[in-house]
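As structure tokens, the structure follows; a few thoughts come after it.
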Amino acid sequence: MKRILTGDRTTGKLHIGHYFGSLESRVKLQDDYDTCIILADMQVLYDHLSDEKGKLIRTNVYHALLDNLSVGLDPEKVTFFVQSEIPELSELAMLFMFLVSVGRAQRNPTVKDEMNQAGTNYEHMNLGFLSFPVSQAADILLPKANLVPVGEDQIPHVEQTREIARRFNTLFGDVFPVPECKISKFARLPGLDGQSKMSKSLGNVINLSDTEESVNHKIKKAYSGEGHALFTYGELFGIQPDERMGAFKPALADGINAFLTPIRKQRAEFEKEPGYLREILDKGQEKIRTIGSETMAQVKNKMGMIY
């Protein structure tokens, strides 16, 4: 069975943009692929090293796990693991860094976008920020993933992963598959404020765990001027467009809440069993470390590092 690797940076609760950008594909593919989902807590540190968000990383790991489970991912079929609990990932990322030039790292458009959003530049960014696409390549290639379901903004990372896999295989011999990416129909969902992307950092999101009251409030206050995203949401939730926002917004809120109701119920059930959540992560850690140890033995053998 071919393998999927996808995942989430643990910066907070997941939102409907994550669902239509990636989670929906994960659910549909879990029966046909060996699906591995990384909860990327180390990659959060590149811009949340010492702030309040950084202090919530462990809590956010469980939020991300709960959100994945609540939309229908089956822990008996899917492998969930925490990035910082797999030391082989850091080891492989270190080796990959010697295959990527500084210039290539700086040309990654997603790095540029996030750098601009964070209000920094190349002179002041930390090395973790610049190199996190290389870290993502290790996340994908350590378990030898064949397919990566991602949002549109992550395509450059998958392409860089493909370059790294090909370069390693050319220099040292075949070890890694060259993974493909799968993009959803709504790969970049606009935000409630009319911005081009729904983003946790911009606060323009509807979380999968939002209460009915919160959804109603957010839709009522959502931007409805030129270029608004509300009709896009209507398409997703089966609500016909109506220029009369006084009628359309309540119908849209009802449609979103109808979609979220079973997700909320499933999340509440899993929240009752924190011990089981830890068991899921322990099981994933064991599996990925076993796979990772085998991959690293092959890598080191090919590179002449077995003494």
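The values are calculated or read from the model by the stated rules, or taken from the named source; none is laboratory data. Keep in mind that what you see is a predicted model, and the values were worked out from it rather than measured. So basically every Cβ, Gly included, is an ideal-geometry build from the backbone, and we count neighbours across all protein chains shown.
Which residue is modelled with the lowest pLDDT, if the candidates are limited to the range 198-208 and must be part of a loop (DSSP other than H, G, I, E, B) and buried (at least 19 other Cβ atoms within 10 Å of the Cβ)?
MET198
Confirm whether LYS283 is modelled with pLDDT of 95 or more, outside the structural domain of LEU39 (by TED's automatic domain parsing), closer than 30 Å to ILE16 by Cβ and part of a helix (DSSP H, G or I). Spell out how you get there, then give the answer.
Values: modelled with pLDDT of 95 or more: yes; outside the structural domain of LEU39 (by TED's automatic domain parsing): no; closer than 30 Å to ILE16 by Cβ: yes; part of a helix (DSSP H, G or I): yes.
Here the answer is no, as LYS283 does not meet what is asked.
With the condition kept exactly as written, say whether any residue in the range 210-233 is surrounded by fewer than 15 Cβ atoms within 10 Å (Cβ to Cβ) and among the aliphatic types (A, V, I, L, M).
no
Spot the failing condition for PHE168; the list is (1) at pLDDT 95 or above; (2) part of a loop (DSSP other than H, G, I, E, B), and only one is missed.
(2)
Note down all Cβ pairs under 6 Å where the first residue falls in the range 155-166 and is surrounded by fewer than 22 Cβ atoms within 10 Å (Cβ to Cβ), the second is outside any helix (DSSP H, G or I) and polar (S, T, N, Q), and they're at least six residues apart or on different chains.
Pairs that qualify, where the first residue is surrounded by fewer than 22 Cβ atoms within 10 Å (Cβ to Cβ) and the partner is outside any helix (DSSP H, G or I) and polar (S, T, N, Q), are PRO156/ASN108.
Yes or no, residue by residue, for (1) within 23 Å of GLY12 (Cβ to Cβ); (2) in contact with a Leu (Cβ under 9 Å, 6 or more places away or on another chain); (3) at pLDDT 95 or above:
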position: GLU152; (1), (2), (3): yes, no, no
position: PHE176; (1), (2), (3): no, yes, yes
position: PHE186; (1), (2), (3): yes, yes, no
position: SER214; (1), (2), (3): yes, no, yes
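Please work out if GLY246 is on the phi > 0 side of the Ramachandran plot and free of Cβ contacts under 8 Å to residues at least 40 places away in the same chain.
For GLY246, the condition - on the phi > 0 side of the Ramachandran plot and free of Cβ contacts under 8 Å to residues at least 40 places away in the same chain - is not met.
Checking ILE288 against (1) surrounded by 15 or more Cβ atoms within 10 Å (Cβ to Cβ); (2) outside the structural domain of PRO75 (by TED's automatic domain parsing); (3) under 23 Å from the mean Cα position of the chain (by Cα), only one condition comes out false. Which one?
Of the numbered conditions (1) surrounded by 15 or more Cβ atoms within 10 Å (Cβ to Cβ); (2) outside the structural domain of PRO75 (by TED's automatic domain parsing); (3) under 23 Å from the mean Cα position of the chain (by Cα), the odd one out for ILE288 is (2).
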